[in-house]
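Nothing in this text is a laboratory measurement; each read-out follows from the coordinates by a stated rule. Since the model is a prediction, treat every value here as computed from it, not as a measurement. Using ideal geometry, Cβ is built from the backbone for each residue, glycine included, and neighbour counts are taken over all protein chains shown.
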Amino acid sequence: MPVTAFEARTRQFDRAPIGARGYYEPAVDAFLERVAATLDGDDDLSVSDVHNVAFAKAPLSKRGYDPAAVDAFLRDVEGTLAGRSQSAAYYIAPALEHTHTRKPPWRRR
């Protein structure tokens, strides 16, 4: 299911299990704001940017966001961005390709 900018801005994640350090919340929130801006057309995150993002661990006194929940949401974001990039690509029907190229003058007849 595609992710919307509204979902990226308002998504709430569970806390990491007790005794485990999750992702640092402000870093995740800032990245999700960039995701929302990309979905709105105001930023240009790529699928590889989302795939390769790494978040710092939460401070020792905090639990942070559950990494499994954040990673699952980011996989959905990757799918959404991949679908958008494929649908945004220009398509020229194979039967029409020859009409979009101009022949050199010595080949025209």
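With the dipole of region 22-64 worked out from charges on the C-beta (+1 for Lys and Arg, -1 for Asp and Glu) around the Cα centre, which of 32, 55, 45 lies farthest toward the positive end?
Result: 55.
Taking θ as phi - 60°, what are the ³J(HN,Hα) couplings along region 33-41 by the Karplus curve (6.51, -1.76, 1.60), each to the nearest whole Hz, with x for Gly and Pro?
Karplus values, whole Hz, x for Gly and Pro: 5, 5, 4, 4, 5, 5, 5, 7, x.
For residue 82 and residue 40, what is the calculated FRET efficiency with R₀ set at 22 Å and r taken between the beta-carbons, to the nearest 0.05?
0.80
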